[in-house]
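Each remark here refers to the structure printed beneath this line.
The values are calculated or read from the model by the stated rules, or taken from the named source; none is laboratory data. None of the values given here were measured: they were computed from a predicted structure. Reconstructed Cβ throughout: ideal geometry from the backbone, glycine too, with neighbour counts over all protein chains shown.
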Amino acid sequence: MQILVIHGPNLNLLGSREPAVYGSQTLAQIDADLLKMAADAGHELKSFQSNHEGALVDRIQAAAQDGSRFIIINPAAYTHTSVAIRDALAAVALPFIEVHLSNVHKREAFRQHSYLSDLAVGVICGLGAQGYQLALSYALTQLQQHSQ
Ligand code: DQA
């Protein structure tokens, strides 16, 4: 397993959840596009979504043992609250990109702080579902370079 995509709370509702903010694509469509993009490049990708902080921490911890080499994570609301998710990412020490569908910097003040960004390789926000694909494109380039 090489690339792990993690989606936080309420992202299971994408498609019907505030489409003006988060777009009309469902999570299943987003994941299917990412899976195909990774497979076309010869890499394995797994996706995981949970509404529960502890389940997200457990999945991040498991990434240290399952062959994951890169994480793409949209922690959703936990971005702004979760020291536990930050600590889990620091513990596994895998490179990760933080993705947000919306531009959190032009929204409420509480969305403008992230517990993760200073640990991330990079942060993409405001580009909708395409942000995941751009993150994946970067991850694939990195994996390619490090396997040569
Ligand atoms: C989000 C932004 C968060 O502030 C929010 O809580 C989400 C989604 C985004 O993708 O834009 O649930 O991470």
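What is the residue count in the stretch 72-93 for residues that are within 11 Å of LEU119 (Cβ to Cβ) and within 16 Å of the ligand (Cβ to nearest atom)?
Total satisfying the criteria: 4.
From the residues in the stretch 46-68 that are within 12 Å of the chain's Cα centre (by Cα) and not hydroxyl-bearing (Ser, Thr, Tyr), which one is nearest to ASN103 (Cα to Cα)?
GLN49
Can you find a residue in the stretch 69-89 that is of a type outside the set (D, E, K, R), over 15 Å from the mean Cα position of the chain (by Cα) and within 18 Å of GLN2 (Cα to Cα)?
Scanning the stretch 69-89 turns up no residue that is of a type outside the set (D, E, K, R), over 15 Å from the mean Cα position of the chain (by Cα) and within 18 Å of GLN2 (Cα to Cα).
Pairs, please: C-beta under 8 Å, at least 6 apart or cross-chain, first residue within 21 Å of ASN10 (Cα to Cα) and in the stretch 88-104, second within 7 Å of the ligand (Cβ to nearest atom) and part of a loop (DSSP other than H, G, I, E, B)?
Final answer for the pair search is GLU98/PRO75.
Are there any strands (runs of 3 or more DSSP E) wholly within the stretch 1-120 with 3 or more residues that are not hydrophobic (A, V, I, L, M, F, W, C), and if so which?
Hits in the stretch 1-120: 45-49.
How about the stretch 107-123: which of its residues are in contact (Cβ under 8 Å) with a residue 12 or more places away in the chain, away from the ligand (no atom under 11 Å from the Cβ) and surrounded by fewer than 17 Cβ atoms within 10 Å (Cβ to Cβ)?
SER117, LEU119, VAL121, GLY122
Can you name every residue in the stretch 1-21 that is near the ligand (Cβ under 9 Å from one of its atoms), among the aliphatic types (A, V, I, L, M) and at pLDDT below 95?
VAL21 - this is the single residue of the stretch 1-21 that is near the ligand (Cβ under 9 Å from one of its atoms), among the aliphatic types (A, V, I, L, M) and at pLDDT below 95.
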